[in-house]
Amino acid sequence: MYDNALIARKLRRWETYLSNYRLPAWEEIPDLGLYMEQVLALLKTYLDYLPPELKDEQFITAATINNYVRNKYMPEPQKKKYYRVHIAYLIMICTLKQSLSIATLQRMIPTGISEQQVRDIYSAYARRHRLTAQYFIEQVRLVAGPLLDHDEEQPPEIAVSETSDLITVSAVIGGLARLLAEKLLLLEGHTLEYTDVPQAD
């Protein structure tokens, strides 16, 4: 059993937070050479978008970052110091690993590219992240309209009035979105083969 009034209040608070949330611009990421503890503190500030109930102070650790470096998911630090490029990789990895496997992420953010290329990828990602968050908010408002007491003349068929149904819809959307992203990533470099083209009789 859920208290729908409580759920509605929580949804409105998270909506307000997400509406104002954005990843740092490339120029806002420090390029001074930070040590591991400073990087962890910075990431915790940048990625503080989880609801309080889900926050985990250990969402990323020094061991995790060392593992990313060892497996070449990101560039190695320079004399144990992390610069803007490293932090940009970590921001993208940490925000995407909730929906994609780390191995799959390499297709989106490869290593061994120039700093300008990293900057271009990161800047495009940060912008897309914000636009997608706005779209997500709009979709939640649409689906959870009855829960949030929105005055819709004709709510969409997917709209729910029970929290359990909202959980189901969210889980299904999350699963389908992950499948779509992974399927598209796996098609990189593939072309339509002659045998795939329908032949005329």
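The values are calculated or read from the model by the stated rules, or taken from the named source; none is laboratory data. Remember, predicted model here, so these are calculated numbers, not experimental data. FYI the Cβ positions are ideal-geometry reconstructions off the backbone, even for glycines, and counts take in every protein chain you see. Just the protein is used for accessible areas: all its heavy atoms, side chains included, with ligands, DNA and RNA removed. Shrake-Rupley method; radii C 1.70, N 1.55, O 1.52, S 1.80 Å.
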Of the residues in the stretch 77-112 that are modelled with pLDDT of 90 or more and among the hydroxyl-bearing types (S, T, Y), the one that is nearest to R127 (Cα to Cα) is T95
I'd like to know if the stretch 99-108 contains one or more residues that are free of Cβ contacts under 8 Å to residues at least 12 places away in the same chain, more than 17 Å from I65 (Cβ to Cβ) and open to solvent by 40 Å² or more (accessible area, probe 1.4 Å).
no
Expected output for the stretch 164-189 (first residue on the phi < 0 side of the Ramachandran plot, partner assigned to a helix (DSSP H, G or I) and surrounded by 12 or more Cβ atoms within 10 Å (Cβ to Cβ), Cβ below 6 Å, 6+ apart or cross-chain) is V169/V143; E182/T104; L185/T104; L185/R107; E188/R107
request  = Return yes when M74 is open to solvent by less than 80 Å² (accessible area, probe 1.4 Å) and assigned to a helix (DSSP H, G or I) and no when it is not.
outcome  = no
Scanning the stretch 117-173 residue by residue, the ones that are hydroxyl-bearing (S, T, Y), closer than 16 Å to W14 by Cβ and either open to solvent by 40 Å² or more (accessible area, probe 1.4 Å) or in contact with a Lys or Arg (Cβ under 9 Å, 6 or more places away or on another chain) (or both) total 3
Of the listed residues (I91, I60, I87), the one being crowded, with 18+ Cβ neighbours inside 10 Å and more than 15 Å from the chain's Cα centre (by Cα) is I87
With the first residue restricted to the stretch 23-46 and required to be closer than 18 Å to Y125 by Cβ and free of Cβ contacts under 8 Å to residues at least 40 places away in the same chain, and the second required to be surrounded by fewer than 14 Cβ atoms within 10 Å (Cβ to Cβ) and among the hydrophobic types (A, V, I, L, M, F, W, C), Cβ contacts under 6 Å at 6 or more apart or on different chains are none
